[in-house]
Amino acid sequence: MNINLNIIGYFIYLSITIFIILKVGKICYKNGNIYVAELIPNHAEICQKINQVLLMAYYLLNIGYCAMTLISWQKINSSTQLIETIGIKTAIIIFIISILHYLNIILLTKYIQKLIK
């Protein structure tokens, strides 16, 4: 019986990364409401909508990127290579999520006040 380790790797990788993306998104959404409300005082409805758009964009971008990276995987021949590949690919996604988070904070902080004036 020939087991395709790539298929197993895809399932494990997508399970781990989608869990991380959903968990981080939920935390950022919850705390982001407070942050955006401080940036745009007295506009609670706009703050809520901005945060919802940011969350949806975050989910689409990150989950889409995770799915697209599957085509770049090399053939996996051993369980050691499987673990290494999943670890590297997951670390890249976590790095991208952190960069996007800080970019969102910078953009919101610098430009939101200009937009509401």
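The values are calculated or read from the model by the stated rules, or taken from the named source; none is laboratory data. Bear in mind that the values here come from a model prediction, so they are computed numbers and not experimental data. Counting neighbours? That spans all protein chains shown, and the Cβs are built from the backbone with ideal geometry, glycine included. Only protein heavy atoms, including side chains, enter the accessible area calculation; ligands, DNA and RNA are left aside. Shrake-Rupley method; radii C 1.70, N 1.55, O 1.52, S 1.80 Å.
Counting pairs of alpha carbon atoms under 8 Å apart in space and at least six apart in sequence, what relative contact order in percent does the chain give?
Details: 56 pairs, mean separation 49.3, N = 117.
About 42 percent, as a whole number.
If each DSSP helix of 4+ residues adds -39,500 (n - 2.57) and the sum is divided by the residues in the chain, what number results at 222 nm, nearest 500 deg cm²/dmol? Before the final figure, lay out each step's value.
Details: 3 runs with 99 residues, N = 117.
Rounded to the nearest 500, it is -31000 deg cm²/dmol.
Per residue, how large is the accessible surface of the chain? Use a 1.4 angstrom probe and give square angstrom.
Value returned for the chain: 70 Å² of accessible area per residue.
Let me confirm the definition first: pairs of Lys residues in the range 20-93, 8 or more apart or on different chains, C-alpha distance under 28 Å. How many are there?
7
Have a look at Y102, A67, I8 and report the one farthest towards the positive end of the charge dipole of the chain, computed about the Cα centre with Cβ charges (Lys/Arg +1, Asp/Glu -1).
Y102
Whole-Hz Karplus ³J(HN,Hα) for the range 54-67, in order, using 6.51 cos²θ - 1.76 cosθ + 1.60 and θ = phi - 60°, x for Gly and Pro?
Here the 3J(HN,Hα) series is 4, 5, 5, 4, 4, 4, 4, 5, 6, 5, x, 5, 4, 5 Hz.
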